[in-house]
Structure formats: structure tokens, C-alpha cells
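Reading through the C-alpha cells given below for one structure.
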Amino acid sequence: MLSSLQLNATLRKLATAFLLLFLPAMAHAEPMSLEQVVEQVLSDHPDLAIGQVDSDIARTDIQRSEGMLDPVVTAGISAIEDKTPASSSFQASKTQRGKLSAGISKPLASGGTLSASGAFNSTKQTFSNPLAASFSLINPEYRNQFDISYRYPLLRGADRPDYHNALIAADAGYQSTRLGQKITAHNLSLQALDVYYRLASDDINIRIAAAAVKRAEQLLAYQHAREKFGLTEASDRLQAEALLAGRHASLQQALASRASDLTRLNRLMLREPSRPIEVKVGDRALVAAPHLEDALSTSRQYRPEFKALQERLKAAEAQLKTAMDQDQMQLDLVAQLGTRSLDGNASSAIRKSANINDHFASLSIEVSDALHRNTAHAAIRKAELARQRILAEQTQLLENTRNDLANIITAIQTGLPTLTALQAQARIEKQKFLTELRKYREGRSDTAKLVQFEGDLSNAELQAELQRLNLELAERKLAWAEGQWPGGADKASTAEANPS
């Protein structure tokens, strides 16, 4: 077993080791407010970079939807030689054809489609019988035609809902991903908030534990002095030594906890794990909690989660409208007007195509429909269920937010009088300990009672300081739950709205 002197030497070495590890680091620690920590987290965290990529991907859906009105150009050229055995000398023994065609079709936002096309054809026939060749009045012959047509849907596709709703859905999807970045930043700020205040709690534990170590050392020194003169028994000294050992253990646990939380906070900011930080708390004036419904209204106005669900609902409703449009009969009105020309000379045939005397005109109605429409009905049902799911998510988020706010507001409302009571208890416990210490030195008390009072004092001081810290944390979390981010939220919003 260790002698009293050996135990004292061991405890002094432990205390020295604690000081060597902790005090130099704290002397060079970087003071950082919660706002500075959150700003650092939101400026460098890779989760936000991923969100930016997702936002850029979603932006391409808008461009893809706008492409639904892009003009479509077609062109073709062909050359054919047809040398088929003839059953009569009056039939051509060989026919050579050439065709050049081009067209453009432009979908319109109003729902119609405007098209223009042109074709130039040449035909040359060869006859084995000269008499038969004389009957061919135009050989070779050249035909030219130019057509303009307009197709307008009267039922399905009227006013082009697929285009307009696709734009709405794409823009809502893009806004949702941008808000997803804000949600990520919002959640990262909560992580920083929790770890920051855990670090502050560790500092309180260290300070209270260090004060308890000092009191225990003074008590043990007093016991040693009395023991030299035979004024105390060995059990009293052992009790003081046990108290000091326990206080050293509490201090070591507090230091270990701080080192762990320091690593977490530094890594959240992507810094070296052991880089020292001095937290700054306790400078906020404690205020009364707001009414629950007022806080909830603020949350619905500022929390990005609510805005993101609203954008998703907008996209779902647009998709539902598109699906409902597909559950209609296809009824199109088609108008076409064109010119025709025929000549034995190619350039003359092209010139004659401007003459409207030789023309082609038509007006028609085209109808098509699918029997049973199972595909359309399934699409409508799916879109409606997707919309209902988002509405359910909105209700879920609303109730979860109400629960969080209710818990925080209750903690603030009950925490203020609790803090007052704990602070009063800490003052009384200090007076009680000092009174008992004076009685102990006068020989009117015993060691066990003094150790008990010292433990009561340490616990009361710790509870009072932690309660003060917890109240400040509750107010910070209330601001977070309302969408009023601590610190770098404005910077995060600006950076996310203007990505580099």
C-alpha cells in the first residue's frame, strides 16, 4: 500500500500533469464566439459543396423543360434508279428519280405546332420505243412543292400543359434543392451549437473541479499539520486523502471530456483536432420565452424545411395536372396550305412554286383515344398519392416543430426560477461550508461532516452554473428552431444564393 507521503507525491504529480496539459493550451487558445464557429463550419463543410452540385443538376431540368419548344429541323436527299423489266414497249425501261426535302416544325407555348416543309422532285424515264418516248410530254420532269401546316389540340394538350407544368415542376425542384442546401447548413449549425455548448459545459466542470481540488489540498495540508501534533487520527487524514483523490479524478474526467469535445468541434470546422479554442458564453441576457404559436408562426416563415416542402408540393401539383391532361381524348384540328409546280426545267419549276394558282389546301380533324386508359389513370393516381404524401410530411414537420418548440419554451419558463433557486442554494452552501470549516479548525466538527459539506458546495456550484448555461443554450436552440440561425446563417444564405 502507498504511504501518506507517497500518495501525496502521486497526487501532486497528477495535478502537475493536468496543469501541463491544460493550462498552456488554454493560454494560447483562440477565442471564438458561436457565430464565428458557425461561420467557419458553413464556409468549408463538404456537405454544402455536395448540395451545390445537386442544385446545379436540378437547374438542368429547367433547361430541359424549355427545350420542349425547340424547333425541329428535318432534311433528306435521295436518288433512285428503277430498271424493272417491262411487259410493253410503251413502258419505261428505266426510271431515274431524285428528291430533295427539308422542313421545320416549331411547337408553340399556346399548344399548337407550326410547320413548314418543301420538296423538290425530278423524274427521268428512258423508253426502248421511240414512239412511246414521244408520248411523254415532259421528260425529264421537275416538281416543286411548299407547305405550311398548323396543328392545334382541342382537348388533350390544349394550351400545352405538359410544357407549362414541366417548367413549374423543374423550377420547384431547383428551388427545393437550393433550400436543401439551407437545410443542410441549418442542421450543421445545430451540430456546432451543441458541441460548442458542450465545450462550455466542460469548462465549467473543469473550473468547479479545480476549485474542489484546491479545497481538498488545503484540507489535507491542515490534516498533516494536526497529525504532527497528534491532534487528529489517521482516519481523518485518510478521509482527506480520499477526498483529494476523488477530486483529482473528477478533474481528469472533465479534462478528458473537453479534449473529446474540442476534437469534435475542430473537425466540424475541418481544423486540426487539438487546436485550442476558448469559448465565449454567459454574455447573453436571459429573456422570457415567447408564446408557442408565435414561435411556430416564425418557424413556418423562416425554416427552410417548410419552404422546401412547399416547393415540392408545387411540383407535385404540376405533375398531377399533366397526368390529368393525358386522361383526355386526342382531338386535333389540322390546317394545311401549300403550292405546287411542274415543269421540264428545274429553275422554272422552282419559280412557279410561288404561284398560288396551283395550290393544295386542307382542313381536317384527327381523333385518337386509348381504350380503358389504364396508363393515364395510374399516372393520375400516382401523382395524387405523391401530393398526399407531401401534405402528410408538412403535417408531420409542423407537429415535430411544435413539439420541439414546446419543450424548449417549457425549459426556459421553468429554468428561470430554477436558476434563481440553484444560485441561492450555492450561496447558502458556500456559507455553510465556510462556517463548518471554521468550526472544524476550532475542533467543534469532524472530518466526515466537513467532507460532506464540501461535496454539497461543489455540487451546488456546478448545478447553478450548468443551469445558467443550459438556459442560454435553450434560448439559442429556440432561435434555431424558429429559423433564426446562430451566427453565419446570413453568410450561408448569401453564399448559397451566389455560388462561386
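What to note about this one:
- Of the helices (runs of 4 or more DSSP H) lying entirely inside segment 265-383, the ones with 1 or more residues being farther than 30 Å from Tyr150 by Cα and either assigned by TED's automatic domain parsing to the domain that holds Leu473 or not polar (S, T, N, Q) (or both) are found at 292-302, 304-325.
- Residue in segment 102-109 that is crowded, with 17+ Cβ neighbours inside 10 Å, of a type outside the set (A, V, I, L, M, F, W, C), at pLDDT 85 or above and more than 49 Å from the chain's Cα centre (by Cα) present: no
- Flag for Leu371 being in contact with a strand residue (DSSP E or B) (Cβ under 8 Å, 6 or more places away or on another chain), surrounded by fewer than 18 Cβ atoms within 10 Å (Cβ to Cβ) and at negative phi: no
- Of all the numbered requirements in (1) modelled with pLDDT of 95 or more; (2) under 24 Å from the mean Cα position of the chain (by Cα), Gln484 misses one, and that requirement is (1).
- The residue list Leu220, Leu255 contains one member that is on the phi < 0 side of the Ramachandran plot and surrounded by 20 or more Cβ atoms within 10 Å (Cβ to Cβ), which is Leu220.
- Residue in segment 86-93 that is over 59 Å from the mean Cα position of the chain (by Cα) and under 24 Å from Phe360 (Cβ atoms) present: no
- Selected residue (only one of Ile204, Ile208 is surrounded by 21 or more Cβ atoms within 10 Å (Cβ to Cβ) and either in a helix (DSSP H, G or I) or hydrophobic (A, V, I, L, M, F, W, C) (or both)): Ile208
- Given (1) over 30 Å from Phe360 (Cα atoms); (2) among the polar types (S, T, N, Q); (3) at pLDDT 90 or above, number of the condition Asn121 does not satisfy: (1)
- Test: residue in segment 90-97 that is modelled with pLDDT of 90 or more and either surrounded by fewer than 16 Cβ atoms within 10 Å (Cβ to Cβ) or closer than 30 Å to Leu243 by Cβ (or both): yes
- Residue in segment 388-395 that is in the same structural domain as Ala481 (by TED's automatic domain parsing), within 30 Å of Leu469 (Cβ to Cβ), among the polar types (S, T, N, Q) and loosely packed, with under 15 Cβ neighbours inside 10 Å present: no
- Residue match in segment 179-197 (condition: touching a strand residue (DSSP E or B) at 6+ places or on another chain (Cβ under 9 Å) and small (Gly, Ala, Ser)): no
- Any hit, segment 237-255, residues being over 30 Å from Glu465 (Cα atoms), over 22 Å from the mean Cα position of the chain (by Cα) and outside the structural domain of Gly282 (by TED's automatic domain parsing): yes
- Yes/no for Ala406 being touching a residue at least 60 places away in the same chain (Cβ under 8 Å) and either closer than 30 Å to Leu296 by Cβ or out of contact with any Gly (no Cβ under 9 Å at 6 or more places or on another chain) (or both): yes
Each row is one residue, and each column tells you yes or no for (1) of a type in the set (Lys, Arg); (2) surrounded by fewer than 18 Cβ atoms within 10 Å (Cβ to Cβ); (3) farther than 22 Å from Ala209 by Cα.
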| position | (1), (2), (3) |
| --- | --- |
| Gln413 | no, yes, yes |
| Phe433 | no, no, no |
| Val451 | no, no, no |
| Ala481 | no, no, yes |
| Trp485 | no, no, yes |
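- The requirement of being under 24 Å from Lys280 (Cα atoms), out of contact with any strand residue (DSSP E or B) (no Cβ under 9 Å at 6 or more places or on another chain) and either part of a helix (DSSP H, G or I) or in contact (Cβ under 8 Å) with a residue 60 or more places away in the chain (or both) is fulfilled somewhere in segment 211-229, by at least one residue.
The values are calculated or read from the model by the stated rules, or taken from the named source; none is laboratory data. Since this is a predicted model, take the numbers as computed values, not measurements. Cβ sites come from the backbone with ideal geometry, for glycine too, and all protein chains shown count toward neighbours.
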